[in-house]
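This report refers to the structure that appears directly beneath it.
Just so you know, all these numbers are worked out from the coordinates, no wet-lab data involved. If you're wondering where the values come from, they're calculated on a predicted model, not measured in any experiment. Cβ placement follows ideal geometry from the backbone for every residue including glycine, while neighbour counts extend to all protein chains displayed.
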């Protein structure tokens, strides 16, 4: 009768006891046996050699508690901690007394590194093809940021290193800290939120994302696509200071500056006040030296100019030019007088030759010019042709004789024979 009651369906008039239902659930779950599952460890607590923790689904909001008994924990060959991605061989158990479901872990191992690396490489190639890693996209950091945004874990060594070293280099530097998980399932979303919040702040001049190193799996949030794209979309310069040389997260590739450690980030974000003051002193010394040399050079040039004769005795140049001008004037006068004398002599000679060859000179030597007269016999008519032969003037022809002292009228007579002796 008891067995029949245990298998009978529950009704309002014949309900099952709670224990009966719990036992049925436990029996049904027990038939599931061992299964392999994959997830992310969100809690890992070691008590008395046993491990109690929680495993979260990678894509959905689902979490289950697990237990690793001491005998199994001692056989594990790897160290595990919160944030690790693992595969586990488990057997579900329903605790009848507490009404809770847990899984007992029989084997536990990290997800294969090769698979993770392959996924990261695919994401790297995709982001690179989009140009997110190009050097021309990287922005120059300000010389002296007025306010530095810092994304890091609360009370972490990375926070202390950045603030301490930056303050030592420039005591007046200011920080605005955004605390975020730097490993585990919340890290990617919280770091992304920090980047977006600080990028919206107009007072923040540069954003530093700092973590003090860690193993490959602990750094996976900094290769999360959400974090990388948020850093790429930010208008504020991003400095990645994850502090891991061997395994560089994708954030290092898209950041405007990659620092090897948080301390290195502090040194590269703010200048050293001592070095800057020393540089100013050196620049001032070089400027003073150069200015002194320039003044000395110009002083020497002025002294040389003042020592030149033209400036030492400026009237000397005028005297020399005046003497030279007087010489040229005298020379010009002499040449002009000589030229006038030469021209006067030439004119006199030409006048003498002209006078000697003129008809008047011939007449003054006793010669006369005989011309026929066109008019009366007294020679009152106008002179005609010059007589060259007695035959041209028959007897009784009026003739005009031009003498040196005047003009005479005459009349031709019979021609006389020429005295050959004269």
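Taken over the range 177-288, the ratio of Cα radius of gyration to 2.2 N^0.38 Å equals 1.26.
Per residue, what volume in Å³ does the convex hull of the Cα atoms of the chain enclose?
Cα convex hull per residue, to the nearest whole number: 545 Å³.
Fully extending the segment from residue 38 to residue 374, taken as 0.36 nm per residue of separation minus the present Cα-Cα distance, adds 104.7 nm. Label separation (residue 295 vs residue 50): 8.8 nm, computed from points 7 Å beyond Cα along the C-beta direction. The angle separating the long axis of helix 187-200 from the principal Cα axis of greatest extent in the chain is about 40 degrees.
The residue 391 and residue 413 beta-carbon pair, evaluated with R₀ = 22 Å, returns a calculated FRET efficiency of approximately 0.95.
When the chain is treated as a GNM with alpha-carbon contacts under 10 Å, the residue of 144, 101, 127 showing the greatest mean-square fluctuation is 101.
Taking the Cβ-Cβ separation of residue 128 and residue 201 as r and a Förster radius of 35 Å, what is the calculated FRET efficiency to the nearest 0.05?
Details: r = 30 Å, r/R0 = 0.85.
Efficiency, rounded to the nearest 0.05: 0.75.
Rounded to 0.05, the FRET efficiency of the residue 73 and residue 144 pair, given R0 = 41 Å and the Cβ-Cβ distance, is 0.20.
Seen from every direction in turn and averaged, the convex hull around the alpha carbons of the range 1-99 projects onto 8.8 nm². Considering only alpha-carbon pairs that sit under 8 angstrom and 6 or more positions apart, the relative contact order computed for the chain is 9 percent. Nearest 10 degrees, 0 to 90: what angle lies between the long axis of helix 113-129 and the longest principal axis of the chain (Cα atoms)? That works out to roughly 30 degrees.
Taking only the C-alpha atoms of the range 43-84, the Rg (one decimal) and the largest Cα-Cα distance, Dmax (whole number), read 11.1, 32 Å.
Cα-based values for the range 73-223, radius of gyration first and Dmax second, are 20.6, 66 Å. Note: relative contact order over the range 2-111, using C-alpha pairs below 8 Å and six or more positions apart, is 27 percent.
Based on the convex hull around the alpha carbon atoms, the range 33-150 presents an average projected area of 12.7 nm². Give me the angle, in degrees from 0 to 90, between the Cα long axis of helix 314-357 and the longest principal axis of the Cα atoms of the chain, rounded to the nearest 10. Once rounded, the angle reads 30 degrees.
Taking every C-alpha pair closer than 8 Å and separated by at least 6 residues, the mean separation divided by the residue count of the range 216-280 gives a relative contact order of 30 percent.
In whole percents, the pair-distance distribution calculated for the range 243-372 from its alpha-carbon pairs, binned every 5 Å from zero, is 2, 7, 5, 6, 5, 5, 5, 4, 5, 4, 4, 4, 4, 4, 4, 4, 3, 3, 3, 3, 3, 2, 2, 2, 2, 2, 2, 1, 1, 0.
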